[in-house]
Amino acid sequence: METRALQGKVAIVTGSSRGIGKGIALSLGQAGATVYITGRTAQGYAAKVPLAGTIEETAAEVTQLGGKGIAVRCDHTRDTDTESLFEQVKAEQGKLDLLVNSAWAGYEGLHDGSDFPLDQKFWQRRLSYWDDNLSGLRAAYIASALAARMMVEQKRGLIVNISHKIKDLGNPAYHMAKIGTDRLTQDMAHELSDEHIAVVALYPGLVRTEGIMKYAEYMDLSNAESPQYTGRAVVALASDDQVRQKTGQCLWVSDLAVEYGFTDLDGKVIVPSWK
């Protein structure tokens, strides 16, 4: 993978003040891209969860790595915020090469403690747990619709949705969010198939996000991934001229590491033990 493979490319990464979104933004910056960093946690605004990270901090790190980070505060549950974001990108850049839908609020109750104990049945949970999980799916739909309007004019582009493979039963709100993301990916790919635009979903493994590390002493992190591992998968896809052959697919980050020859930050290819 070329170090500056995405020089001149323009990307939006939603929900990138921290977590997987931040890791993706950093990897894109290292590849030379201009990256719009979006999220609610910004200078002068109180964080929604007790975790470190702001969009300005991520943008600065992207720039330090050789890309260009641009912070835009955006609450993706507000359509007007999202519309303003895309208008800004079009006005400033005139194009959009990549959208990564990473914004999701499903774990916020874990970060602030309101969703404990973890083994609650759906009827025992706070009713707003559904909204926290499914709001990210709607946000991905709205952002993708606005991105597609730009990309269809260009006859090129890539949309990446962060998802998770669902195998077991239980936790219906979370599972509906992820299964819905996969189906959204497939349907959008179908409708964009004649427009030279690819849409894929990515499955990371256990990722060492700020939220996960908050509970590190209770978890086995021996096979966990850095957020940048998913970022390197996105860079590989965005650098691939044949990425349209993968459109509509749900792809494991670990499989892409083998296919494209990238590793995690420690030089390892991490394969989830529960894959």
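The values are calculated or read from the model by the stated rules, or taken from the named source; none is laboratory data. Keep in mind that what you see is a predicted model, and the values were worked out from it rather than measured. Here the Cβ positions follow ideal geometry from the backbone for every residue, glycine too, while neighbour counts run over all protein chains shown.
At a glance:
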| item | result |
| --- | --- |
| Of all residues in segment 26-38 being without any contact (Cβ under 8 Å) to a residue 40 or more places away in the chain and under 16 Å from the mean Cα position of the chain (by Cα), the one that is nearest to Asp81 (Cα to Cα) | Ile37 |
| Residue list for segment 194-213, filter: touching a residue at least 40 places away in the same chain (Cβ under 8 Å), in a helix (DSSP H, G or I) and out of contact with any strand residue (DSSP E or B) (no Cβ under 9 Å at 6 or more places or on another chain) | Glu210, Gly211 |
| Answer from Thr63, Thr82 - the residue that is touching a Gly at 6+ places or on another chain (Cβ under 8 Å) and either within 26 Å of Glu210 (Cβ to Cβ) or in a helix (DSSP H, G or I) (or both) | Thr63 |
| Neighbours by Cβ (under 8 Å, 6+ apart or cross-chain): first from segment 1-25, at negative phi; second in a loop (DSSP other than H, G, I, E, B) and among the basic types (Lys, Arg) | Val10/Lys95; Ser17/Arg40 |
| Residue that is surrounded by the fewest Cβ atoms within 10 Å (Cβ to Cβ), among those in segment 167-180 that are within 18 Å of Gln249 (Cβ to Cβ) and modelled with pLDDT of 95 or more | Ile179 |
| Qualifying residue in segment 204-224 (condition: modelled with pLDDT of 95 or more and over 19 Å from Leu110 (Cβ atoms)) | no |
| Residues being β-branched (Val, Ile, Thr), over 24 Å from Leu28 (Cβ atoms) and over 16 Å from the mean Cα position of the chain (by Cα) - total across segment 131-187 | 1 |
| Enumeration of residues in segment 58-75 that are surrounded by fewer than 19 Cβ atoms within 10 Å (Cβ to Cβ), over 16 Å from the mean Cα position of the chain (by Cα) and not hydrophobic (A, V, I, L, M, F, W, C) | Glu61, Thr63, Gln64, Gly66, Lys68 |
| Residue check for Tyr229: within 17 Å of the chain's Cα centre (by Cα) and among the hydroxyl-bearing types (Ser, Thr, Tyr) | yes |
| Residue, farthest from Ile159 (Cα to Cα), within segment 1-50, restricted to residues that are charged (D, E, K, R) and in a loop (DSSP other than H, G, I, E, B) | Lys48 |
